[in-house]
1. Spin-label point model (7 Å from Cα, Cβ direction): what's the E311 to R141 distance in nm?
2. Relative contact order (percent) for the range 145-262, with alpha-carbon contacts under 8 angstrom and 6 or more residues of separation?
3. Can you list residues from other chains, or at least 5 along the same chain, whose modelled amide H is less than 5 Å from the amide H of V49?
4. Compute the distance in nm between two label points, each set 7 Å from the Cα along the Cα-to-Cβ direction, one at V283 and one at R217.
5. Which ³J(HN,Hα) values, rounded to whole Hz and listed in residue order, are derived for the range 243-255 from phi using the Karplus coefficients 6.51, -1.76 and 1.60 in 6.51 cos²θ - 1.76 cosθ + 1.60 with θ = phi - 60°, glycine and proline given as x?
6. Could you give me the ³J(HN,Hα) list for the range 185-191, computed from phi with Karplus coefficients 6.51, -1.76, 1.60 and θ = phi - 60°, whole Hz, x at Gly and Pro?
7. Top mean-square fluctuation among S38, S20, S249, Gaussian network model of the chain, C-alpha springs under 10 Å?
8. Tell me, what is the percent relative contact order of the range 3-80, built from C-alpha pairs under 8 Å that lie six or more residues apart?
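The values are calculated or read from the model by the stated rules, or taken from the named source; none is laboratory data. On a predicted model such as this, the values are computed, not experimentally measured, just so you know. Every residue, glycine among them, receives a Cβ derived from its backbone with ideal geometry; neighbour counts consider all protein chains shown. In case anyone asks, the SASA skips ligands and DNA or RNA and just uses the protein heavy atoms, side chains included. Shrake-Rupley method; radii C 1.70, N 1.55, O 1.52, S 1.80 Å.
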Amino acid sequence: MPFSLYPPPFDLRTRLRTRSISFENPTGAPGAGGQAASPLGPGRKGSAVRLIYPGETMQLADIEGPGTLRHIWATTHAKPEILRGCVIRFYWDDQPHPSIEAPLGDFFGFAHGRTNPFQSYAHSVGEALGMNIWLPMPFVRRARVEITNEATIRMPFFYQIDYTVGDEHEADVGRLHVLFRRENPTTPKQDFELLPLREGRIRYLGSVIGVRPLDPRWWGEGEIKIFLDDDTTHPTICGTGTEDYVGLSWGIQPNAFAYNGASWRENDDSTTTGRVSIYRWHVLDPIVCERRMRVTIQQIGHSPAGAKSIEEYMAELFDRADDWSCATFWYEA
């Protein structure tokens, strides 16, 4: 059953209890929302927003489990300096290190701090930067969320975390992990890692990829390579090109679909220069392993010279270096 339908909407006997955290109810406690007063009186929009100053870390949630974060909404100013310079972190079950650590915009599904309105399986972002993430995030004992402003300007921040408690999770339930990586520039002939080697049972959910070409020629011939379990030199899963991996073709079109696409491209010509924000979600085509997994993607370009055969086309390929980033999502225990 898809995550979004659990529990089924017709199940009225579920043991789950619904909760929500925002600045209007920072603990999510029953009956504790909307207590702050405004000039309009008690409980009338008295604590909707906070300013987060440069260098400041603010805790957004600290929840006792078991439970599941079901939906997060947030907004701030639509400035790349904020969306790339503000970092959100999630800590599951009293671990000292975060399992999720990413710039705010990348966590909400788009690279470079820029996007058009779009909807995918995992995210939806509105024209005025209403940012949503819909991935379920289970935890057993505790969930803690914080945000840090690493930019040089203050940011207004609105948010809401919707969750349930009372979920019956096994101890080894998959916790959501998000890794942000950037290489500027990448190293020729050294594939960019979307997911460095992880060991154990892993479900690779997908990645939000940002590319800033540093060469005016077409950049997207690199193949995805997914190494599973006993794979060493060669992977089990090997794609045919970068735009092919995100379900597009012949360049990057501004098409944002449920499981694949591009939420933003800088230029109208998708086969030359200009930044792009692309994504791929492996929901209906799950990618799982029992022991280990590693995911990489190549940086290969194409310099067309009028090839008339496959051999001539292959001769027009070249290794290149560009500015690549990723926010990669996966579940592991």
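1. Inter-label distance under the simple model: 6.5 nm.
2. About 11 percent, as a whole number.
3. For V49, whose amide H was placed from the backbone, there are no distant partners under 5 Å.
4. Distance between label points: 3.8 nm.
5. Result, rounded to whole Hz: 5, 5, 4, 8, x, 10, 6, 6, x, 10, 9, x, 10.
6. x, 6, 9, x, 6, 10, 4
7. For the chain, modelled as a Gaussian network with Cα springs under 10 Å, the answer is S38.
8. 19
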